Amino acid sequence: MTQRPAYVPPYLAIGLSTIVTGIAQRSHIRRNLETIEEAIHAAVSICSINAPVKLVALAEGALTGFTDEIFDVPHVTAAREMFIDIPGEETEFLGRLAKLYDTYIIAQCKARWPDVMDDRFFNTLFVIDPRGEVVHRAAKNHLWCRERSCTPHDVYDRWVERFGSGIDAFYPVLKTDDIGNIGTICCSDGEYPEAVRALAFNGAEVVYRPSEAMPMTGAGYPGGGTWMVQNRAHAEFNSLYMLCPNIGPVYLSPSSRHPIDIAGGNSHIVDYRGNVVSYSASAANTMVAGLIDIEALRQFRAMNLNSNWMKDLRTELFASMYSNPIHPKNLWLRDDPKHHAEVDDIYRGNIARLMERGAWTPPSVAVPGARYMPASPEPSAPAADWEKAKGMWAAWSSEEE
């Protein structure tokens with residue numbers, strides 16, 4: 001007989017949108033953490049009058065911004081100079097706040113995984129529990145075309161050697177007695193229905209999917225764009241909650257006079273029927289907050305004979321669809337991750353493979369497609385460009401000295 005779990009009382013989950021300044025080195029993260037701390041103090045004090053706050057989620061980029069992507073920083077340089085270790089001083093900072101408010105904190109940061117490979121960083125999702133300890137860590141599995149993070153698939157053989165090849169190796173779920181089962185993906189992961197379905201098969205009841213940028217968040221009306229459409233569909237198809245905070249306006253560097261709102265706001269929380277229970281058009285140091293009722297979700301899954309869709313899945317019908325690879329694995333197992341323009345050719349190869357196998361029909365006329373547009377028309381090496389760009393952080397460097 002299945003053992004009955006402990007009752008999980010309803011609780012509030014908060015998704016924070018914070019204004020961020022891009023970093024040029026790891027020490028700069030402290031400035032964004034100070035903004036996050038103020039936002040947590042404000043959000044918990046405002047929202048906890050309705051119900052206990054047991055889960056606080058940060059947006060992707062909240063700690064670092066997106067400097068490595070914007071400036072096409074060499075991957076190894078970014079790994080060594082810009083990103084974090086987990087656990088480390090940044091998780092200790094957030095852990096202090098988790099203990100203060102007796103809450104879990106879910107966050108994202110690009111981080112080194114020395115237990116996998118040296119000189120690599122992974123876009124990493126992590127959870128800190130109310131004791132201030134890191135209790136969950138997962139890596140982003142799908143990237144947008146201007147992100148140079150490493151993924152488990154890029155070092156597949158090493159990842160499998162270290163963690164195995166099961167769902168839990170790529171889509172782990174944190175199972176708790178007090179807030180339910182938490183799965184984590186990030187941004188582009190959610191463009192693929194398989195990602196949230198994998199978490200659902202692994203037991204997820206709440207899925208954290210932080211941040212999405214324009215034009216995806218601005219497509220259509222009234223708000224949220226295709227990001228909202230996807231997250232409502234994930235929730236409905238898999239009978240789970242989606243917790244989706246978006247990043248606030250981004251200062252490119254401390255020398256920027258104004259921030260750029262690259263994401264357009266539109267944070268939201270979706271319940272297990274696909275209903276939006278909290279929404280914010282703004283992302284300028286603001287929040288969404290919604291009630292998470294794990295017991296109601298579990299009753300819905302257990303009692304329903306119609307719209308809890310996973311129970312009817314005929315898995316044998318779909319298994320062969322994934323037997324023929326599209327995106328090459330082990331790209332960065334021996335080579336360092338390449339720059340934007342070079343990786344564009346990898347994606348074009350993927351498009352060609354889909355056409356060759358007949359999945360896609362090619363257009364009648366071949367025309368130039370999307371391509372990388374460097375900030376400077378003068379050809380130069382990305383490493384040299386980055387050395388020049390560091391001057392934009394001169395004010396912070398002089399303060400730290």
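The values are calculated or read from the model by the stated rules, or taken from the named source; none is laboratory data. Small disclaimer: the values here were computed from a predicted structure and weren't measured. Because the Cβ atoms are built from the backbone with ideal geometry, glycine has one as well, and the counts that use them run over all protein chains shown. The area values use the complete protein model at the heavy-atom level, side chains included, leaving out ligands, DNA and RNA. Shrake-Rupley method; radii C 1.70, N 1.55, O 1.52, S 1.80 Å.
Return the residues of the range 1-23 that are open to solvent by 10 Å² or more (accessible area, probe 1.4 Å) and modelled with pLDDT of 95 or more; say none if nothing qualifies.
Tyr7, Pro9, Pro10, Leu12, Ile19, Thr21, listed by residue number.
Checking Leu243 against (1) assigned to a strand (DSSP E or B); (2) surrounded by fewer than 22 Cβ atoms within 10 Å (Cβ to Cβ), which single condition isn't satisfied?
Here Leu243 meets the rest and fails (2).
Filter the range 90-119 for residues that are charged (D, E, K, R) and surrounded by fewer than 18 Cβ atoms within 10 Å (Cβ to Cβ); which is nearest to Leu12 (Cα to Cα)?
Asp102
Cβ-Cβ below 6 Å, separation at least six or inter-chain, first residue in the range 18-37 and part of a strand (DSSP E or B), second hydroxyl-bearing (Ser, Thr, Tyr) and at pLDDT 95 or above: which pairs?
The qualifying pairs are Thr21/Tyr251.
Answer yes or no as to whether Pro87 is open to solvent by 10 Å² or more (accessible area, probe 1.4 Å) and either in contact with a strand residue (DSSP E or B) (Cβ under 9 Å, 6 or more places away or on another chain) or free of Cβ contacts under 8 Å to residues at least 40 places away in the same chain (or both).
Yes: the conditions hold for Pro87.
Can you run down the residue pairs with Cβ atoms below 8 Å, 6 or more apart or on separate chains, where the first is in the range 166-195 and among the acidic types (Asp, Glu) and open to solvent by 10 Å² or more (accessible area, probe 1.4 Å) and the partner is in a helix (DSSP H, G or I) and modelled with pLDDT of 95 or more?
Glu191/Gln230
Could you say whether any residue in the range 258-271 is at pLDDT 95 or above, under 22 Å from Ile105 (Cα atoms) and either of a type in the set (Asp, Glu) or open to solvent by 30 Å² or more (accessible area, probe 1.4 Å) (or both)?
Yes, that holds for at least one residue.
Take the residues in the range 330-363 that are outside any loop (DSSP other than H, G, I, E, B) and of a type in the set (A, V, I, L, M), then tell me which one is farthest from Thr151 (Cα to Cα).
Across the range 330-363, the extreme among qualifying residues is Met355.
Looking at Val76, Val53 in this structure, which one is open to solvent by less than 50 Å² (accessible area, probe 1.4 Å), hydrophobic (A, V, I, L, M, F, W, C) and either farther than 30 Å from Ser397 by Cα or free of Cβ contacts under 8 Å to residues at least 40 places away in the same chain (or both)?
Val53
Go through the range 340-368 residue by residue and tally those that are of a type in the set (Val, Ile, Thr) and open to solvent by 60 Å² or more (accessible area, probe 1.4 Å).
4
Output the residues belonging to the range 201-227 that are crowded, with 24+ Cβ neighbours inside 10 Å and not β-branched (Val, Ile, Thr).
Ala204, Glu205, Tyr208, Arg209, Pro210, Ser211, Glu212, Gly224, Trp227
Which of the residues that make up the range 121-141 are out of contact with any His (no Cβ under 7 Å at 6 or more places or on another chain), under 22 Å from Arg334 (Cβ atoms) and either small (Gly, Ala, Ser) or open to solvent by 10 Å² or more (accessible area, probe 1.4 Å) (or both)?
Passing the criteria: only Ala139.
Working carefully through the options Arg314, Arg301, Arg334, find the one that is open to solvent by 40 Å² or more (accessible area, probe 1.4 Å) and either in contact (Cβ under 8 Å) with a residue 60 or more places away in the chain or in contact with a Cys (Cβ under 7 Å, 6 or more places away or on another chain) (or both).
Of Arg314, Arg301, Arg334, the one residue that is open to solvent by 40 Å² or more (accessible area, probe 1.4 Å) and either in contact (Cβ under 8 Å) with a residue 60 or more places away in the chain or in contact with a Cys (Cβ under 7 Å, 6 or more places away or on another chain) (or both) is Arg301.
Please state which of the following conditions Ser255 fails to meet, knowing it meets all the rest: (1) assigned to a loop (DSSP other than H, G, I, E, B); (2) of a type outside the set (A, V, I, L, M, F, W, C); (3) under 27 Å from Ile46 (Cα atoms); (4) touching a residue at least 12 places away in the same chain (Cβ under 8 Å).
Among (1) assigned to a loop (DSSP other than H, G, I, E, B); (2) of a type outside the set (A, V, I, L, M, F, W, C); (3) under 27 Å from Ile46 (Cα atoms); (4) touching a residue at least 12 places away in the same chain (Cβ under 8 Å), the lone unmet condition for Ser255 is (3).
Please go through the range 272-298 and give me each residue that is assigned to a loop (DSSP other than H, G, I, E, B), buried (at least 22 other Cβ atoms within 10 Å of the Cβ) and aliphatic (A, V, I, L, M), ordered by number.
Scanning the range 272-298 gives a single hit, Ala283.
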